[in-house]
Amino acid sequence: MSMDRPKRTPQRHTQPPQTHHPDPQPSPPAPGQPQPNQPEPETPTTAPPTEAAEIRSRALKLLTTREHSRYELWRKLYRRGYPAEAVNTVLDQLATEGLLSEERMLAAYVTERLNKGFGPLRIRAELQAKGLPDTAINPHLNLQDEQCLALMTRIDAGKFGHNPPNDRRTLAKRARFLEYRGFPAHLIARALNTDAEP
């Protein structure tokens with residue numbers, strides 16, 4: 001007589017329960033760093049008070065030597081390493097206060113250069129190089145032909161004497177001098193009495 005063997009119940013292998021670990025919290029930002037999800041702070045566009053005061057001081061020193069156009073004053077300050085926007089802000093203030101005036105600069109510059117015997121073409125080119133437009137220059141450099149002729153006669157006589165040119169070489173030399181000084185060709189011909197020459 002055989003004996004039945006007891007049947008074994010298969011054992012289920014279960015996974016050990018997983019312990020839930022919460023996500024690690026981010027460490028707080030270091031002092032001076034932006035908070036999470038916040039935009040970076042904008043860089044201020046105005047100059048610090050100490051820098052603005054330094055720019056103003058340098059600008060005033062330059063203006064005490066002579067009148068400047070806005071462009072040439074800006075260029076000198078910018079070349080010293082000051083930020084362009086900070087320089088513009090200071091120059092706006094000086095213009096508002098009447099300390100920077102291109103009208104005053106134009107009047108003084110044109111008078112000085114005419115007294116030194118320079119003609120309208122050269123004076124205009126010099127003012128344009130200082131950043132001034134023709135619309136600003138024209139009211140101060142509106143010379144009549146007779147005024148130019150009188151000025152040319154004076155400086156020609158001061159350089160070559162009162163005798164008229166007696167040969168072509170001398171004539172060409174005097175014409176080049178007047179042209180270099182900034183006078184127009186048609187007035188040079190009149191001043192040297194060459195209109196009738198072929």
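Quick note: the coordinates plus some simple rules give every number you see, no bench work behind them. Quick caveat, the model's predicted, so the values are computed rather than measured. Positions of Cβ are generated from backbone atoms using ideal geometry, with glycine treated the same way; all protein chains shown enter the neighbour counts.
Take the Cα of residue 163, step 7 Å toward its Cβ, do the same at residue 138, and the gap between the two points is 4.5 nm. Summing +1 for each Lys or Arg and -1 for each Asp or Glu among the other residues whose beta-carbon sits under 12 angstrom from that of residue 142 gives -1.
Taking every alpha-carbon pair under 8 Å whose residues sit at least 6 apart, region 144-198 reaches a relative contact order of 41 percent. In a fully extended conformation the segment linking residue 78 and residue 193 would gain 36.5 nm over its present Cα-Cα distance, using 0.36 nm per residue. Using the Cβ-Cβ distance between residue 154 and residue 51 with R0 set to 35 Å, the FRET efficiency from 1/(1 + (r/R0)^6) comes to roughly 0.10. Placing dummy labels 7 Å off each Cα toward the beta-carbon, the span from residue 92 to residue 177 is 5.1 nm.
Distance from the alpha carbon centroid of region 132-198 to that of region 78-103 works out to 38 angstrom. Partner lysines whose Cα lies under 21 Å from the Cα of residue 76, excluding those fewer than 8 positions away in the same chain, are identified as 61, 130.
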